[in-house]
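Please treat every number below as a calculation from the coordinates, not as lab data. Fair warning: this is a prediction, and the values are worked out from it, not measured in the lab. In this analysis, Cβ positions are derived from the backbone assuming ideal geometry, glycine residues included, and neighbour counts consider all displayed protein chains.
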Amino acid sequence: MSECVFCKIVAGELPSRNVYEDDELLAFHDIYPLAAVHLLIIPKTHIVSLAECTTKHQDLLGRMLLLAPRLAQTHGLESGFRTAINTGRGGGQTVFHLHINMFGGGERPAQG
Ligand SMILES: [Zn+2]
């Protein structure tokens, strides 16, 4: 029903290598990794981008951010990692469902 790739992943209609899931959040490996470890943290509910968020999303956003260091611990990124939230076409966003990119373990050149 939804054309959103991430909503399809949440619904189990597309495969994903999940690393974390709870009632509100899902985290999985990016299918086109830009680093040795490239994880995506998304809300299960469809939110287009950070620009659509309001104060009602602040708990959800906090939970998304706090998940990153927890995932780092279980993915060999204890020495550190980089997070990026791309917002809008001008911000390099390519999937219009809010997500935190989490990079670590050495970056790879962008593919094609
Ligand atoms: Zn979506």
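Out of residues 5 or more away from residue 25 or on other chains, whose amide H comes under 5 Å of its own, with H placed 1.01 Å from N in the peptide plane?
Here 44 satisfy the definition.
Can you give the local net charge around residue 7? Use residues other than it whose beta-carbon is closer than 10 angstrom to its beta-carbon, Lys and Arg +1, Asp and Glu -1.
Summing Lys and Arg as +1 and Asp and Glu as -1 gives 0.
Give me D for the chain in µm² s⁻¹, whole number, from Stokes-Einstein with Rh from the Kirkwood sum over alpha-carbon pairs, 20 °C and 1.002 mPa s.
So the translational diffusion coefficient is about 149 µm²/s.
Given the options 57, 99, 29, which has the most mean-square fluctuation in a GNM of the chain, springs set between C-alpha atoms less than 10 angstrom apart?
Among 57, 99, 29, the largest GNM mean-square fluctuation belongs to 57.
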